[in-house]
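**Q** Sharing a structure, written as structure tokens. Questions coming.
Derivation of every value follows stated rules applied to the coordinates shown; laboratory data play no part. This is a predicted model, so every value here is computed, not measured. Backbone-built Cβ (ideal geometry, glycine too); neighbour counts: all protein chains shown.
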Amino acid sequence: MSIRSLSARAFVPVAYFLSAATLIVTPSIAQQAPPAAPGATPPAIQTAPSTPAQVAAATAPASKEPDYPDPRTFVIGVYGLSSLTSSGPDIRGGVLAAARGTYETLNGIGQPYRIAPQIEIGIPVTRTGMLYLDVERLRGDGSQTLTQDSFIDSFNFNKGDVVASAYHIKTGRLYLDDLLFPHKFPVARLRFKSIWGVRYLGITQTVLSPTEDAITGVPGTSFQLSSSYILYPEFGAAMEYAIAPHVLFRVDGAGFAFPHRAALNETSGTLSFRQKNLEVLLGVKTLHFKTSPKKDEYEIGTFITPFLGLRWHW
């Protein structure tokens with residue numbers, strides 16, 4: 001067999017191999033980007049969304065609906081509270097008085113005045129939370145005839161004495177009102193909030209007996225002045241329901257207590273109407289307190305007060 005015949009037979013398989021290699025390599029070369037010119041910035045690599053959720057997020061337009069129907073801004077509020085009913089305030093003998101066997105109780109030291117003022121300041125601190133500071137004052141006075149001997153503060157009042165008494169309560173709290181559930185935007189019409197804060201309550205009372213002063217002939221002989229306070233953290237929750245875009249119904253409660261120590265809590269129900277910067281609030285609230293009974297005497301009282309309030313949103 002000649003060399004020419006061998007070369008022809010070998011050429012046919014080699015030609016087939018080269019043709020197949022050309023078909024495989026050619027598309028890969030065609031897909032490659034042309035070399036960049038010197039100094040040119042390489043093109044950015046773009047990747048298509050890989051999941052349906054990513055595709056929807058990439059194509060959906062941004063929502064223009066606000067988080068809340070009304071803007072959350074700096075707010076100042078003024079309230080007028082009117083006493084519907086009250087229990088106490090009472091002066092009661094504490095643990096030390098009981099250990100000595102001394103009666104140191106005077107119930108109903110005064111009827112609350114008709115109107116009690118309250119002021120409020122609020123400011124948004126997070127996307128979901130408002131920080132509030134409110135201050136409230138309650139006052140009252142009254143008189144009664146003692147049905148038994150009572151040792152109040154440092155004076156011994158006798159059965160049959162006419163006793164005049166008065167009290168002055170100042171309370172204030174700083175608290176964060178924050179969205180709890182459901183945590184979504186825009187906020188749901190029915191939503192729940194958490195309350196985290198600190199509250200101070202101070203009470204000062206005076207007691208005197210015109211009967212005892214007349215007996216001694218020296219005015220002010222029986223006058224007694226005492227005060228006590230509570231400083232507690234405050235924890236609670238609130239429920240809000242948006243009846244309409246600018247009408248909100250809210251109920252809330254918060255407080256704190258130690259067993260056999262002081263106790264302090266407040267609850268309220270409010271219906272509010274807002275038009276632009278002005279908000280009108282109608283509702284009723286309760287305030288209950290008890291100072292520590294570990295002393296000679298302690299104070300306890302509960303107030304139920306309907307209220308009317310105005311808020312101005314800056």
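**Q** Name the residue from H168, A238, L190 whose Cα lies farthest towards the positive end of the charge dipole of the range 155-251, charges +1 on Cβ of Lys and Arg and -1 on Cβ of Asp and Glu.
**A** Result: L190, furthest along the dipole toward the positive end.
**Q** Something else now. Treating the beta-carbon of each Lys and Arg as +1 and of each Asp and Glu as -1, no other charges, what is the dipole magnitude of the range 147-265 about its Cα centre, to the nearest 20 debye? The partial results should precede the final answer.
**A** Details: 10 positive and 10 negative charges, 162 e Å.
For the range 147-265, the charge dipole is close to 780 debye.
**Q** Count the lysine pairs in the range 75-313 whose Cα atoms lie under 28 Å apart, taking only pairs 8 or more positions apart in sequence or on different chains.
**A** Taking the Cα cut-off of 28 Å, the pair count is 14.
**Q** Charges only on Cβ, +1 for Lys and Arg, -1 for Asp and Glu: so what's the dipole of the range 75-313 about the Cα centre, in debye to the nearest 20? Spell out each step's value before the answer.
**A** Numbers: 23 positive and 21 negative charges, 229 e Å.
I would put it at about 1100 debye.
**Q** Work out the FRET efficiency for R139 and F185 from their Cβ-Cβ distance, taking R0 = 30 Å, and round it to the nearest 0.05.
**A** Numbers: r = 44 Å, r/R0 = 1.46.
With a Förster radius of 30 Å, E is 0.10.
**Q** Charges on Cβ only, +1 for Lys and Arg, -1 for Asp and Glu, centred on the Cα centroid of the range 75-313; of A263, I119, L281, which one is farthest towards the dipole's positive end?
**A** In the range 75-313, that residue is L281.
**Q** Counting other Cβ atoms within 10 Å of each Cβ, which chymotrypsin sites (Phe, Trp or Tyr not before Pro) in the range 94-155 have at most 16 and sit in a DSSP loop? Write out the running numbers ahead of the final one.
**A** Details: sites: Y103, Y113, Y132, F151, F155; in loops: Y103, Y113.
Listed in order of number, the matching sites are Y103, Y113.
**Q** Counting other C-beta atoms within 10 Å, which of E104, E266 has the fewest, and how do the rest follow? Walk me through the numbers on the way to the answer.
**A** Numbers: E104 20, E266 23.
Least crowded to most crowded, the residues run E104, E266.
**Q** Arrange the following residues from fewest to most other Cβ atoms within 10 Å of their Cβ: M239, M130.
**A** Working: M239 15, M130 18.
The most exposed by this proxy come first: M239, M130.
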